[in-house]
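Each reported figure results from applying straightforward, stated rules to the coordinates on display, with no laboratory input. Quick caveat, the model's predicted, so the values are computed rather than measured. Cβ sites come from the backbone with ideal geometry, for glycine too, and all protein chains shown count toward neighbours.
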């Protein structure tokens, strides 16, 4: 059998290396669970009790999730 088919040379095999992200630089953010954009935290007092809500510009009031995947684009902007 042809050896070039079994063992291709290094010049013909160009592997794409995955993008490496150092785990120490990854910081989880509070994001919208639907679109993964950062939420805005709103704090207020109701009957002397602190209430914290999170707001997404596209999905309104949401319960955020912690994620290291964060979209940087803005809602309503067509790409």
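Distance between the modelled labels on residue 34 and residue 49, one decimal in nanometres: 2.7 nm (7 Å Cα→Cβ projection). Ordered by the number of other Cβ atoms lying within 10 Å of each residue's own Cβ, fewest first, 34, 59 fall into the sequence 34, 59.
Ranked for footprinting exposure by Cβ neighbours inside 10 Å, fewest first, 29, 58 give 58, 29. Taking the fewest neighbouring Cβ atoms within 10 Å as the starting point, the ordered list for 40, 62 is 40, 62. What is the stretch 24-72 by shape, rounded, prolate or oblate, if you read a ≥ b ≥ c off the alpha carbon gyration tensor as root eigenvalues and call it rounded for a/c under 1.5, prolate for a/b larger than b/c, and oblate otherwise? Because a/c hits 1.5 or more and a/b fails to exceed b/c, the stretch 24-72 counts as oblate. Using the Cβ-Cβ distance between residue 69 and residue 20 with R0 set to 22 Å, the FRET efficiency from 1/(1 + (r/R0)^6) comes to roughly 0.90.
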